[in-house]
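Visitor: The structure is given below, and queries will be raised subsequently.
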Amino acid sequence: IAAVSNGANLTDGLDGLAAGTSAIIGTTLAVLAYVSGNVIFSRYLNIMYIPDLAELAVFSTAFVAACVGFLWYNTYPAQIFMGDTGSLAIGSIIAVLAIVTRKELLLPLLCGIFLVENLSVILQVGFFKYTKRKYGVGKRIFKMSPIHHHFQKLGFHEVKIVTRFWIVGILLAILTLITLKLR
């Protein structure tokens, strides 16, 4: 829960990045909840049937609707901002939904954007501290972390970065759903 929540918080740095990515993840979790709560689909896909879990799909859909509604005003140029309170809560909701649907092992794949954001900060801070201790001067792997700011420093426009992260998020969501039949 802490890792996903922190990943969502780190992703909230560009207009629409955290809300859009979270909506994609929430949609996937809604599908997973519905499939796990349906006897016919769960038997066909050979996954664990969890009674009444299909009702969690309603909550997940409401979560997605809230993210999309927020995204309406948060896309570039943002009129409103989420802040730490919102992004930490969004990450926690995503993690709890994955745990309740018993799909927590799919989180590294489904929340790959959050994972990369976390890893970029961990690598940046660790490498800086290591080089500072070893050479007396800290060096950096990225121009700035989390990684979406690195792309910004490379000259990419904010909208292009956000759109590409959304595309990667959609591909990760599709891969997550594909794993249902690969079992």
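Visitor: Using the Cα atoms as the points, what is the convex hull volume per residue of region 94-143 in Å³? Please report the intermediate quantities before stating the final value.
Guide: Details: hull volume 3.9 nm³, N = 50.
So the per-residue Cα hull volume is 79 Å³.
Visitor: Are there DSSP H segments in the chain that both extend 15 Å or more along their axis (alpha-carbon positions) and score a mean Kyte-Doolittle hydropathy of at least 0.0? List them, or say none. Intermediate values should be presented prior to the final figure.
Guide: Numbers: long enough: 17-36 (29 Å, 1.60); 54-74 (30 Å, 1.38); 83-100 (26 Å, 1.80); 112-135 (33 Å, 0.41); 158-182 (36 Å, 1.73).
Sorted by number, the helices that extend far enough and score high enough are 17-36, 54-74, 83-100, 112-135, 158-182.
Visitor: What accessible area per residue comes out for the chain, rounded to a whole number of Å², with a 1.4 Å probe?
Guide: Details: 9940 Å² over 183 residues.
Result: 54 Å² per residue.
Visitor: Tell me which aspartates and glutamates have Cα within less than 15 Å of Lys181's Cα, excluding those fewer than 8 residues away on the same chain?
Guide: none
Visitor: Sticking with this one: How far, in nm, would the chain grow between Ile174 and Lys153 when pulled straight, counting 0.36 nm per residue and subtracting the alpha carbon separation? Mind dumping the intermediate values first?
Guide: Numbers: separation 21, 0.36 × 21 = 7.56 nm, distance 2.98 nm.
Roughly 4.6 nm would be gained on extension.
Visitor: Less than 15 Å Cβ to Cβ from Val116, Lys/Arg counted +1 and Asp/Glu -1: what total charge do the surrounding residues give? All intermediate terms of the calculation are to be shown ahead of the outcome.
Guide: On the way: positive: Arg164; negative: Asp12, Glu117.
Net charge in that neighbourhood comes out at -1.
Visitor: Using only the Cα atoms, what convex hull volume per residue in Å³ does region 59-105 have?
Guide: On the way: hull volume 3.7 nm³, N = 47.
Each residue corresponds to 78 Å³ of Cα convex hull volume.
Visitor: Project the alpha carbons of region 2-107 onto their principal axes and report the range along each, largest first, in whole Å.
Guide: Answer, in whole Å and largest first: 46, 25, 17 Å.
Visitor: Could I ask something else about it? Return the carbon/sulfur percentage of the accessible area of the chain, one whole number, probe 1.4 Å, all protein chains in place. Could you put the intermediate results ahead of the total?
Guide: Values: 6830 of 9940 Å².
That fraction is 69 percent.
Visitor: On a full-extension model of 0.36 nm per residue, what is the gain between Thr131 and Ala66, subtracting their alpha-carbon distance, rounded to one decimal in nm? Before the final figure, lay out each step's value.
Guide: Values: separation 65, 0.36 × 65 = 23.40 nm, distance 4.33 nm.
Taking Thr131 through Ala66 to full extension adds about 19.1 nm, to one decimal.
Visitor: So what's the back-of-envelope 222 nm ellipticity for the chain, counting only DSSP H runs of four-plus at -39500 (n - 2.57) apiece and dividing by all residues, rounded to 500?
Guide: Values: 9 runs with 136 residues, N = 183.
After summing the helix terms and dividing by the residues of the chain, the value is -24500 deg cm²/dmol.
Visitor: Quick one: which of 17-27, 146-156 comes out on top by average Cβ neighbours within 10 Å, and what's the full order, highest first? Each step should come with its number before you reach the end.
Guide: Details: 17-27: 27.0, 146-156: 16.9.
Those peptides, ordered most packed to least, come out 17-27, 146-156.
Visitor: Ordered by packing density, taken as the mean number of other Cβ atoms within 10 Å over each peptide's residues, highest first, how do 93-105, 63-75 rank? It would help to have the intermediate numbers written out before the result.
Guide: Working: 93-105: 19.3, 63-75: 16.9.
My ranking of the peptides, most packed first, is 93-105, 63-75.
Visitor: Pull up the cross-link candidates among the aspartates and glutamates for Lys160, meaning alpha carbon to alpha carbon under 14 Å and not fewer than 8 places away within one chain.
Guide: By straight Cα distance, Lys160 reaches Asp15.
The values are calculated or read from the model by the stated rules, or taken from the named source; none is laboratory data. Being a predicted model, the structure only gives us computed values, none of them experimental. All Cβ positions, glycine included, derive from the backbone under ideal geometry; neighbour counts span all protein chains shown. The protein model used for the area step is the full one, side chains on, heavy atoms only, and it has no ligands, DNA or RNA in it. Shrake-Rupley method; radii C 1.70, N 1.55, O 1.52, S 1.80 Å.
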